[in-house]
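Since the structure comes first, as structure tokens, the remarks are kept for the end.
The values are calculated or read from the model by the stated rules, or taken from the named source; none is laboratory data. All values derive from a computational prediction rather than experimental measurement. Ideal geometry is used to build each Cβ from the backbone, glycine not excepted, and the neighbour counts take in all protein chains shown.
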Amino acid sequence: MITWDEHVRYTPKAKKSFGRVKRRLRKHRLTTALNYCIAFPTNPENKLDIYNMSELLFKRYEEYDDEIHIIGLAESRDAAIKLAADIIGEVYEKTDGFDVVRYFKEFLKDD
């Protein structure tokens, strides 16, 4: 199952098309505006996962046992890597740790 965080981070180019991308992904249509998303890690050894948006169009992700929780959008892989680094930097700055999932679920829930 694919879910979206209420505190999604964007690159400047990605922010303009967020609503359209979200709708197109829900309808299983390919989107060209944004190519990559950042999600909570499916492997506990990782800090974040980066997916090509077209990969998420496969039906297997709807039926996936682990939830894919999207927290960031970017227009390219390089931009996604930079955004992921910015997110991890923000988490470390605010918590002195690297637990991204806990930060998004606990520290940002009051915002």
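What the table below lists for this structure:
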quantity	calculated
Entirely in region 1-86, the strands (runs of 3 or more DSSP E) that have 1 or more residues that are modelled with pLDDT of 80 or more and loosely packed, with under 15 Cβ neighbours inside 10 Å	2-10, 49-52
Members of region 87-111 found to be in contact (Cβ under 8 Å) with a residue 24 or more places away in the chain and not in a helix (DSSP H, G or I), listed by number	F98, L108, D111
Total residues in region 35-54, condition of a type in the set (F, W, Y), in contact (Cβ under 8 Å) with a residue 24 or more places away in the chain and more than 12 Å from V101 (Cβ to Cβ)	1
Residue within region 14-25 that is farther than 22 Å from K105 by Cβ, among the aliphatic types (A, V, I, L, M) and in contact (Cβ under 8 Å) with a residue 60 or more places away in the chain present	yes
